[in-house]
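The values are calculated or read from the model by the stated rules, or taken from the named source; none is laboratory data. For clarity, every value in this text was computed on a predicted model and none was experimentally measured. Cβ atoms come from the backbone with ideal geometry, glycine included; neighbour counts cover every protein chain shown. Side chains included, ligands, DNA and RNA excluded: accessible areas come from the protein's heavy atoms. Shrake-Rupley method; radii C 1.70, N 1.55, O 1.52, S 1.80 Å.
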Amino acid sequence: PKKGTKEKLVELAQKNAQMVLKNDKERLKREEGRTIGAVKEIEKLLGLNNLVRMEAYDISNTNGFESVGSMVVYERGKPCRSDYRKFKLKTVTGPDDYASMREVLPRRFTHGMEERVQNRQKDLAPEYGSFTKFPDLILMDGGKGQVNIALEVLDELKLAIPVCGMVKDDHHRTRGLYFNNEEIPIDRHSEGFRLITRIQDEAHRFAIEYHRSLRSKQQ
């Protein structure tokens with residue numbers, strides 16, 4: 001249409017389309033900053049490359065009762081909930097996070113290695129299955145102690161995966177990262193820090209939910 005009401009309708013439709021496109025571009029840019037941009041910040045901070053998959057672990061119990069472990073997975077800065085896993089602890093009595101991690105981590109990676117062997121025997125893709133994808137970075141909720149536990153387990157299993165810990169301040173807030181035997185300060189206002197916090201909170205939430213469900217059944 002060149003004139004009249006129909007022409008005004010076309011102009012309005014065009015303006016609306018441009019506005020929607022602009023808003024979508026801004027939203028996608030913000031989302032990319034929160035995810036891929038945040039991952040790139042973590043890569044730069046730790047000196048890593050091609051960081052796609054991150055796994056975080058947490059332990060939950062009530063005075064050692066119904067101890068459980070959680071594993072949450074983020075790929076390209078977004079949660080991959082289909083790969084989340086939970087562990088009911090079998091060998092640990094009492095509230096011992098270190099011993100709990102010594103059980104959870106070998107179970108996770110041993111299972112993954114066994115699945116990879118089975119896949120080769122069945123002529124399936126190596127990473128077909130729930131545990132076969134290994135992370136590019138492991139995030140531990142604690143600092144030096146938990147990192148060393150994870151590195152010991154990986155060394156025993158002959159796996160080379162970077163492990164990063166979260167160093168807390170006196171108020172139990174993350175103040176930095178522990179990586180390669182040193183504490184690395186992190187900007188609390190950065191997208192990288194926000195992503196690490198989201199992953200940490202998600203691992204904590206997932207562990208608590210599983211613990212509460214088991215505790216409720218027992219009660």
Going through region 32-65 in order, the residues found to be touching a strand residue (DSSP E or B) at 6+ places or on another chain (Cβ under 8 Å), outside any helix (DSSP H, G or I) and of a type outside the set (Gly, Ala, Ser) are Thr35, Leu48, Leu51, Val52, Arg53, Met54, Glu55, Tyr57, Asp58, Ile59, Asn61
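A quick yes/no check of all residues on (1) surrounded by fewer than 18 Cβ atoms within 10 Å (Cβ to Cβ); (2) without any contact (Cβ under 8 Å) to a residue 24 or more places away in the chain:
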site	(1), (2)
Gly129	yes, yes
Gly142	no, no
Ile149	no, no
Cys164	no, no
Asp170	yes, yes
Glu182	yes, yes
Arg188	yes, yes
Ile208	yes, no
His211	no, no
Of those in region 75-99 that are farther than 23 Å from Ile42 by Cβ and touching a Ser or Thr at 6+ places or on another chain (Cβ under 6 Å), the residue modelled with the highest pLDDT is Lys86
**Message:** Yes or no: region 100-118 includes at least one residue that is touching a Ser or Thr at 6+ places or on another chain (Cβ under 8 Å) and under 22 Å from Glu209 (Cα atoms).
**Reply:** yes
Assess whether Glu114 counts as being acidic (Asp, Glu), surrounded by 17 or more Cβ atoms within 10 Å (Cβ to Cβ), out of contact with any helix residue (DSSP H, G or I) (no Cβ under 9 Å at 6 or more places or on another chain) and more than 23 Å from Arg198 (Cβ to Cβ).
no
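Can you pull out every residue in region 176-191 that is assigned to a loop (DSSP other than H, G, I, E, B) and of a type outside the set (Val, Ile, Thr)? Outline the logic, then answer.
So in region 176-191, the residues assigned to a loop (DSSP other than H, G, I, E, B) come out as 180-181, 186-190.
Selection gives Asn180, Asn181, Asp187, Arg188, His189, Ser190.
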Within region 1-20, of all residues that are open to solvent by 100 Å² or more (accessible area, probe 1.4 Å) and hydrophobic (A, V, I, L, M, F, W, C), the one nearest to the chain's Cα centre (by Cα) is Met19
With criteria (1) surrounded by fewer than 23 Cβ atoms within 10 Å (Cβ to Cβ); (2) part of a helix (DSSP H, G or I), Val104 comes up short on (1)
